[in-house]
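> I'd like to ask you about the structure that follows.
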Amino acid sequence: MARRFLIGCALLFMALFLAIPLLTVFTQALATGAAAYLAAISEPTALSAIKLTLMVAAISVPLNLVFGVAAAWAIAKFNFRGKSTLITLIDLPFAISPVIAGLTFILLFGATGWFGGFLRAHHIRVVFAVPGIVLATTFVTFPFIARELIPVMQSQGNNDEETALSLGATGWQIFWRVTLPNIRWALLYGVLLCNARAMGEFGAVSVVSGHVRGLTNTMPLHVEILYNDYDYTAAFAVASLLALLALLTLAGKSFLEWRQPELRRTGHARDATTMKRPPRV
Amino acid sequence: MNALAAGRPRRVLPGFGLTLGYTMLYLSLLVLIPLSTVFVRSLGGGWLHFYDAVTSPRVLAALGLSFGASLIAALVNSVFGLIIAWVLVRYAFPFKRVADAMVDLPFALPTAVAGIALTALYAPNGWLGRGLALLGVKVAFTPLGIVVALTFIGLPFVVRTLQPVIEDLDHDVEQAAWTLGASGAQTFARVMLPVLWPPMLTGFALAFARAVGEYGSVIFIAGNMPKSTEIAPLLIVAKLEQYDYAGASAIAVVMMVLSFTIMLGINALQNWAVTRHGER
C-alpha cells in the first residue's frame, strides 16, 4: 500500500518535471511536419550555430581535460598543505552563477575592462566574439573532469605507479602505460559530462556573446533568438538536437556506470565544499 | 625516514611540481583572477555607490525572489527527491533503469531547452497550463513558474546525494524497529530520518546553490517584470546592457557572499548533526 503510493508519487513527479518537458521538445519540433523541421535545422544560421557549438566544445573540453588530469595527479598522488583548499577552489565555478562567470570576462576584456585598452589598440576582440565564448564555456565546465578523476585516482592509490617506478619506468611512461589505462573510464565519464555542459551552456555564453547571428551564436543562443522571434517550430527543432545530445549523454553515462559502478558513487552529487561523497552510514 | 620525521610526506612519484604548478596557474588565470575583478569593480564607485546599488528596491526584490524561489524549489526537491531516491533503491518496478537514468536529465539537458519546454507546457495555452488555468492557477510568467524551473534544475542533486546513503542503510535496523512494534511512520521518523537528514541537507544545499545562480531555464518561464518576476542573474544582465558595470558587479558580489554564507551555515549544521548523531 505505502509502496504503491510512493512509487506512484515518484513516477508522477518525474513524469511532470522530466518526461513530459522532454517529450514537449520533440512534439513541438515536429508540430508543423518533418519538412519544416529539416528546413529549420539546415538553415544557414542554424548550421553556423551548430558549427560554433562544436568548435567551442572542441577547445574547452581538451583544455579542461589536460587541467583535470594534472590536478588529479597532484591531488591524488601527493600530500601537501592546502590540498582541501585547492579542492574547494577547483569546485568554485559550480557554486557561481553562469551569469557572473560571463560578467567576469566582460570586466576583464570588455571596452572598459582591465585589458580593454590593450586589446583595442591591437585590434583583438575577446568579448562579443568567439574567444569570449570559449573562455566563458571553459570557466563553467572547469571542474567537471577534475572532480570525476580525483576520487577515482585517490581510491586506486599509488601502488601500481610505484611498482612501475621501481622497475625503471619514467614519469611519462608511468602515466601513459599505468595510470591512464586505470582511469580511462573515469576520464571518459568526465569528458562526457563536461562536453554536455560545454555544448549546452547558456547563461555565461549569453553574457559574452553579443548575439551576432551567424557569427557568435551557439546552439542554445540560437534557440533563444528563434523563440523570442516567435518562430517556435524552428526554436524547438534546434532544441531537439540539443535534447538528443542530452539523451546520448545519459545513455553514455549509464553505459560507463555499468562498466565501472564506482563512477556512480563518485559522481557529481558530492558535498560542494569538501568534495567528499555524502557521509556513509 | 628523515622526510617523515620532518613532517613532510615522501614524494616518490615524479611530476608533483609540474602538475601542481600547472593546476595553480590554470586555476588562477581562468577562475581566480577573473573572479577577483568582480569584487574590485563592485567597489569602483566607492562604498556608498555599492550600498546604493544593492539596496535599490528593484535589486532587493530580485535578490528576494531569487533566494526565496530557490528555497522553495530546494524544499520541494528535498521531499520528492527523498521519495524518488527511496523508490529507486528499495522497490522494483517496470522501466526502473530508465527512470533512474532520467533523473540526470536536468544535468544533461541544456538550460535554454528546459526553459522553452517548460514554458510551452505551462503557458496558458500549453498542455498543462490549460488545465491549471481552469483551476485558476497561473504558472508561466509568475513567480510560481520560476519555482517550477528551479525545481527541475535541482532535482538530481537531492536524488543523487541520497541514493548511496539509502543503499548503505541496513535493512536489519528497520526490521528490528519493526519487530519491536514500531509503526511504519515511527520507523521512518525515529530510525531512518536521523540518518537521512544530513545527506538530505547536502542535497538541499547543492540544489539551492544551483538554483540561486540559474539563468537559462528561468528567463523564458519568468515574466521578467522588474520587482515581481525578475531574478537577480537577469538583473545583472540588464545592468550590463546599460553599461552599469559597477552595479552589475555589486549584485554579483552580494549573491556570492549570500550563497557562500548560506552554504557555510548548512555545512556547520551538518557537522553538528553528524557529530551529535555519533557518526564518524
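The values are calculated or read from the model by the stated rules, or taken from the named source; none is laboratory data. Because the structure is predicted, anything quoted here is derived from the model rather than measured. Glycine also receives a Cβ, built like all others from the backbone with ideal geometry; neighbour counts cover every protein chain displayed. Note: areas computed on protein heavy atoms with side chains; ligands, DNA, RNA excluded. Shrake-Rupley method; radii C 1.70, N 1.55, O 1.52, S 1.80 Å.
> Confirm whether A:Thr32 is outside any helix (DSSP H, G or I), open to solvent by 30 Å² or more (accessible area, probe 1.4 Å) and among the β-branched types (Val, Ile, Thr).
Against the criterion (outside any helix (DSSP H, G or I), open to solvent by 30 Å² or more (accessible area, probe 1.4 Å) and among the β-branched types (Val, Ile, Thr)), A:Thr32 qualifies.
> Contact list please: Cβ distance under 7 Å, first residue in segment B:74-92 and more than 7 Å from chain A (Cβ to nearest Cβ), second residue open to solvent by 40 Å² or more (accessible area, probe 1.4 Å) and at pLDDT below 95, pairs at least six apart or on different chains.
B:Leu88/B:Lys96; B:Val89/B:Glu167
> I need a count of the residues in segment B:115-148 that are within 10 Å of chain A (Cβ to nearest Cβ) and in contact (Cβ under 8 Å) with a residue 24 or more places away in the chain. First the steps, then the outcome.
Restricting attention to segment B:115-148, the residues satisfying the condition of being within 10 Å of chain A (Cβ to nearest Cβ) are B:115-122, B:126-128, B:148.
Keeping just the survivors that are in contact (Cβ under 8 Å) with a residue 24 or more places away in the chain gives B:115-116, B:118-119, B:122, B:148.
Counting residues in segment B:115-148 that are within 10 Å of chain A (Cβ to nearest Cβ) and in contact (Cβ under 8 Å) with a residue 24 or more places away in the chain gives 6.
> Considering only segment A:198-216, how many residues are crowded, with 24+ Cβ neighbours inside 10 Å, of a type outside the set (Ser, Thr, Tyr) and either in a helix (DSSP H, G or I) or more than 18 Å from the chain's Cα centre (by Cα) (or both)?
8
> Which numbered condition trips up A:Thr233, out of (1) open to solvent by less than 40 Å² (accessible area, probe 1.4 Å); (2) at pLDDT 95 or above?
Failed condition: (2).
> Of the conditions (1) more than 19 Å from the chain's Cα centre (by Cα); (2) within 30 Å of B:Leu235 (Cβ to Cβ), A:Leu86 clears all except one; give me its number.
For A:Leu86, the failing item is (2).
> Restricting attention to segment A:140-171, which residues are in a loop (DSSP other than H, G, I, E, B), without any contact (Cβ under 8 Å) to a residue 60 or more places away in the chain and open to solvent by 30 Å² or more (accessible area, probe 1.4 Å)?
Correct list: A:Leu167, A:Gly168, A:Thr170.
> Answer yes or no as to whether A:Arg81 is of a type in the set (D, E, K, R), within 10 Å of chain B (Cβ to nearest Cβ) and farther than 27 Å from B:Phe80 by Cα.
Answer is yes for this residue.
> Here's another thing I want to ask about it. Please specify each residue of segment B:166-187 satisfying the condition of being assigned to a loop (DSSP other than H, G, I, E, B) and loosely packed, with under 14 Cβ neighbours inside 10 Å. Lay out the reasoning, then the answer.
If we filter segment B:166-187 for residues that are assigned to a loop (DSSP other than H, G, I, E, B), which is where we start, we get B:169-170, B:180-183.
Correct list: B:Asp170, B:Leu180, B:Gly181, B:Ser183.
Residues are listed down the side, and each one gets a yes or a no for (1) open to solvent by 60 Å² or more (accessible area, probe 1.4 Å); (2) at pLDDT 90 or above:
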| position | (1), (2) |
| --- | --- |
| B:Leu201 | no, yes |
| B:Phe208 | no, yes |
| B:Lys239 | no, yes |
| B:Phe260 | yes, yes |
| B:Gln270 | no, no |
| B:Val274 | no, no |
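> One residue is enough: does segment A:109-118 have a residue meeting the conditions open to solvent by less than 20 Å² (accessible area, probe 1.4 Å), within 23 Å of the chain's Cα centre (by Cα) and within 22 Å of A:Thr218 (Cα to Cα)?
No - not one qualifying residue is present in segment A:109-118.
> Tell me which residues, restricted to segment B:227-243, are more than 11 Å from every other protein chain (Cβ to nearest Cβ) and closer than 28 Å to B:Leu43 by Cβ.
B:Lys227, B:Glu230, B:Gln242
> Filter the helices (runs of 4 or more DSSP H) completely within segment B:85-135 down to those with at least 2 residues that are in contact with a Ser or Thr (Cβ under 6 Å, 6 or more places away or on another chain) and either open to solvent by less than 10 Å² (accessible area, probe 1.4 Å) or of a type outside the set (A, V, I, L, M) (or both).
In segment B:85-135, B:111-122 are the helices (runs of 4 or more DSSP H) which contain 2 or more residues that are in contact with a Ser or Thr (Cβ under 6 Å, 6 or more places away or on another chain) and either open to solvent by less than 10 Å² (accessible area, probe 1.4 Å) or of a type outside the set (A, V, I, L, M) (or both).
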